[in-house]
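Laboratory data are not the source of any read-out in this text; all were calculated from the coordinates shown. Note that the structure is a prediction, hence the values are computed from the model and not measured. A quick note on method: Cβ atoms are made from the backbone with ideal geometry, for glycine too, and the neighbour counts reach across all protein chains shown.
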Amino acid sequence: MLKNLVLAWAILLAGIGAAAAQQSGFKRTVLQKVDVPGSVFESVFVMAESPAGGLVGRHSHPGTEQGTVIEGEITLMVEGQPDKIYKPGDSWLIPAGILHDAKAGAMGSKAIVVYIVEKGKPLAIPAPK
């Protein structure tokens, strides 16, 4: 009985998370996750997609973020730096713990992103309000 209750609760929370992601329109799809040999880190290879004008939401990562735009445009808003527009083929690197946000251009955006994070840590941490 308890096991079924826990499973039902997990399914409900997953559904709530999926609904929130659909509302914002931003989507991260993990394509590959591998351990970094000889360390406590893992490399997470992601396809990040956003609809036209979509904002990711201000956040940071417990490791580095390295990305390349493959479609559309992305404006990166990195704390302490001027906003910068990235087009297909442009790449960026954001160090661990730096607050930032991203906004897709008029045609939406797709990017390949690699996160190097400590195993067991969340991929992204929302900024405090």
Show which lysines lie in cross-link reach of K110 when reach means a straight Cα distance below 24 angstrom and same-chain residues fewer than eight apart are skipped. K27, K33, K84, K87
Residue by residue through the stretch 110-117, the couplings from Karplus 6.51 cos²θ - 1.76 cosθ + 1.60 with θ = phi - 60°, in Hz, x for Gly and Pro, are 9, 9, 9, 10, 10, 10, 10, 10
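Of the listed peptides 92-98, 59-65, what is their order by residue-averaged count of other C-beta atoms within 10 Å, with the highest listed first?
Output ranking for 92-98, 59-65: 59-65, 92-98.
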Tell me, what HN-Hα J-couplings in whole Hz come from the Karplus equation 6.51 cos²θ - 1.76 cosθ + 1.60 at θ = phi - 60° for each residue of the stretch 53-61, using x for Gly and Pro? x, x, 9, 6, x, 4, 7, 9, 10
So, relative contact order of the stretch 26-126 in percent, Cα under 8 Å, 6 or more apart, is 38
Give me the one-decimal nm value for the distance between modelled label points at A96 and E118, 7 Å along each residue's Cα-to-Cβ direction. 0.6
Q66 to K87: extension gain in nm, 0.36 nm per residue of separation minus the Cα-Cα distance? 6.1 nm
